[in-house]
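Written below as structure tokens is the structure these notes are about.
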Amino acid sequence: MTTLSIRQMARLSGLSAHTLRYYEDIGLIDPVARSSSGHRCYGEHDQRWIAFLLRLRATGMPIQDMLAYATLRRSGNQLDSVVARQQMLQQHVLTLENRLASLQDNLSIMRDKVAFYTGLASALQADAQPDSTGADHDQPSLPTRLEPPA
């Protein structure tokens, strides 16, 4: 079985050693096994749990919810605990889906805006080109619509 020191776990997870100790102190991480010299030894089970916590954190789950989930997890695979964890994760999934839909809407608007400015820049650049007929282009013509529809 592969175990990691706190320094190795910090490097692997991207969390600081201080954060790993803090997570253990508040109960987010179960007490970590210690070597004969007293140094923390993170086993594969610890590593998988920390990787899952990082997923929850990356998706914006508040630490209080993560703590509640960890408490339920610690109670084992009893029906009440399993159902409560499933419901917590299902609610988090719904939150993520709503956030993702909002981001998709915003991304679409930003893409439309980029396309608008690309077209406007092209039109302005074409108007700035000298005309071989010798026509006066001191006043470039602008598109009649300056902003895309909202």
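The values are calculated or read from the model by the stated rules, or taken from the named source; none is laboratory data. Keep in mind that what you see is a predicted model, and the values were worked out from it rather than measured. Heads up, the Cβs are rebuilt from the backbone with ideal geometry, glycines too, and the neighbour counts pull from every protein chain shown. With ligands, DNA and RNA removed, areas are computed over all heavy atoms of the protein, side chains included. Shrake-Rupley method; radii C 1.70, N 1.55, O 1.52, S 1.80 Å.
For Arg21, the accessible area of its heavy atoms, probed at 1.4 Å with every protein chain present, is near 90 square angstrom.
Against the set (1) 14.3, 41; (2) 14.2, 46; (3) 27.8, 90, the structure's computed Rg and Dmax of the Cα atoms in Å falls on (3). In the stretch 23-83, the portion of solvent-accessible area held by carbon and sulfur atoms comes to 54 percent [1.4 Å probe, whole percent, DNA, RNA and ligands not counted].
Two numbers describe the Cα atoms of the stretch 29-113: Rg and Dmax, which are 17.7, 62 Å. Calculated accessible area for the chain comes out at 71 Å² per residue, all protein chains present (probe 1.4 Å; ligands, DNA, RNA ignored). For the stretch 1-75, the Cα gyration tensor yields ellipsoid semi-axes of 20, 13, 11 Å (square root of five times each eigenvalue, largest first, whole Å). Placing unit charges on the Cβ atoms only, positive for Lys and Arg and negative for Asp and Glu, gives the stretch 1-120 a dipole magnitude near 340 debye about its Cα centre. Charge tally for Asn106 (other residues, Cβ to Cβ under 13 Å; Lys, Arg +1; Asp, Glu -1): +1.
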